[in-house]
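Working notes, structure below.
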Ligand SMILES: NC(=O)c1ccc[n+]([C@@H]2O[C@H](COP(=O)([O-])OP(=O)(O)OC[C@H]3O[C@@H](n4cnc5c(N)ncnc54)[C@H](OP(=O)(O)O)[C@@H]3O)[C@@H](O)[C@H]2O)c1
């Protein structure tokens, strides 16, 4: 499928996991793709070379989403690379910092909010003047926004916040025919949440899930790809949950 030909996409946190799968999928559909990363330069370069090997165009930009200046610099780098505005912004970079309220310090709150909320806010704020008409903003939330997960209250709150930002932005950007939506993944097998036999946490998550298994990064990439496509032009302010029925 090549329904994203000539589109420019930016996927934050595209070096690994859901972001890497999403970047490759959008590139497969014809988009020129920029990914950001913070620590994993080698992995980011690998994603870029995989895309290029299939005839696509891609760049990787180091940008710490929790940093004050980096989101603006990231957007400028993307604009300069192709001398064009951005059609698809996927705010995917995220951190899962945990700790019970009674036992953890405010650093758990800061770690989650600095990247998962402030980073999304600042990246989108920097992108807004450069988003093309009929553009797409797709924010990666989490099913945890909709159910209680002891030990992950701050993380859960960031993902509820992301959905809230998306809804307001959907209305703010509607006059330019730009859509804004949230995708809520459930348990997805990545380095953040590995589905490995010796992991009790993984086994526990499967008990919560009616399908009894993890999803893959490609399951989320498929949802993002739909929201990025021309087919989803009338979908905005929505939350698409991809969690195997976890929050059903
Ligand atoms: N996996 C799940 O079960 C699950 C469930 C619900 C929601 N999610 C959400 O899905 C998104 C992707 O998660 P994932 O599972 O793919 O995680 P992951 O495998 O840990 O990958 C995280 C990505 O974010 C990047 N990143 C981390 N900190 C960053 C920073 N400060 N600045 C820029 N990039 C940064 C990482 O790049 P570097 O390695 O270069 O730092 C990496 O590319 C996150 O928003 C997460 O909250 C995941």
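The values are calculated or read from the model by the stated rules, or taken from the named source; none is laboratory data. Values in this document were obtained by computation on a predicted structure and should not be read as measured data. Positions of Cβ are backbone-derived with ideal geometry, glycine not excepted, and every protein chain shown enters the neighbour counts.
Below, the figures for the structure above:
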quantity	calculated
Residue in the stretch 155-170 that is more than 14 Å from residue 91 (Cα to Cα), surrounded by 20 or more Cβ atoms within 10 Å (Cβ to Cβ) and away from the ligand (no atom under 12 Å from the Cβ) present	no
Checklist (1) free of Cβ contacts under 8 Å to residues at least 24 places away in the same chain; (2) within 16 Å of residue 155 (Cβ to Cβ); (3) away from the ligand (no atom under 16 Å from the Cβ) applied to residue 102, failing item	(2)
Boolean, residue 200 is more than 15 Å from the chain's Cα centre (by Cα) and modelled with pLDDT under 95	yes
Pair list, Cβ under 7 Å, 6 or more apart: the stretch 208-228 residue more than 14 Å from residue 244 (Cβ to Cβ) and touching a residue at least 40 places away in the same chain (Cβ under 8 Å), other residue assigned to a helix (DSSP H, G or I) and more than 14 Å from the ligand (Cβ to nearest atom)	225/26; 228/26
Qualifying residue in the stretch 119-135 (condition: surrounded by fewer than 20 Cβ atoms within 10 Å (Cβ to Cβ), touching a strand residue (DSSP E or B) at 6+ places or on another chain (Cβ under 7 Å) and farther than 24 Å from residue 214 by Cβ)	yes
Yes/no for residue 142 being over 28 Å from residue 85 (Cβ atoms) and touching a strand residue (DSSP E or B) at 6+ places or on another chain (Cβ under 9 Å)	yes
Residue list for the stretch 49-69, filter: farther than 21 Å from residue 3 by Cβ and either surrounded by fewer than 22 Cβ atoms within 10 Å (Cβ to Cβ) or away from the ligand (no atom under 14 Å from the Cβ) (or both)	49, 53, 59, 61, 62, 64, 66, 67, 68, 69
Per-region count, the stretch 2-44, residues on the phi < 0 side of the Ramachandran plot and in a loop (DSSP other than H, G, I, E, B)	14
